[in-house]
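Worksheet: the structure to be examined is printed underneath.
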Amino acid sequence: MIAEAVLPQGGCGGLEKRRTDHLLRENPASNPLSATAWISGLNGCSVTGVAVLALLLLLPFRFSWLGLFGGASIALSGFVEVLGHRKIKAGDPEGLRLAALSQVMVFASIFIYSICQYWLIDPAAADLLSPEVRRFLVDLYRIEPYLLDELVSSALRMTAVSLVVASLIYQGSMLLYYRRKQKQLIRPETGSASPHIS
């Protein structure tokens, strides 16, 4: 249902979609989405790998439900895009829906995680730093030691906001890309696949 909302088929596009599905599955070598399959595979594997690595890096530190949610949900989003990649590679346009849904899932995960981080940042976050790092920052920015907590908290909040903005730009661009490919693939007027899509 969510995937249908992300990429609607159109009022009378069902028959055309079935015709296109049949065309691509019968002749996968003529798949007009070969480049899109490569992009979705690279993007999905990268997202999944980074999320899993982040979860592993968090293991030595204090357990955080928020960190677990962020890493696991983003890893799941990457896995959904990998599934979409496999369908696209096999000539199944349904993979575009999964790839687009993955972008929505990634952005939602980052948005929730970043907003929670923004409001839950410990005012004494600098206490988590080692004494050496604290002295380095104080010397670098030439500030009084008592101002370090405010500096670290502000930096963490800026990071949270930057994550949301960066995700909105990147995931939004990928979502538009997948939608454009689907619209090009299925022509409601003829029900044929465009031969110039890559």
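The table for this structure:
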quantity	calculated
Sorted by Cβ neighbour density within 10 Å, fewest at the top, the residues 134, 97	134, 97
Region 90-175: relative contact order as a whole-number percent, Cα under 8 Å and 6+ apart	49 percent
Ranked 107, 69, criterion: other C-beta atoms within 10 Å, fewest first	69, 107
Neighbour-count order for 139, 92, fewest beta carbons within 10 angstrom listed first	139, 92
Highest average packing first - 175-185, 142-152, Cβ atoms within 10 Å	175-185, 142-152
Virtual spin-label span in nm between residue 120 and residue 68, 7 Å along Cα→Cβ	1.2 nm
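No lab work stands behind these numbers, since they all come straight from the coordinates. Predicted model only: the values in this text are computed from it and were never measured. When we count neighbours, we look across all protein chains shown, and the Cβ atoms used for this are built from the backbone with ideal geometry, even at glycine.
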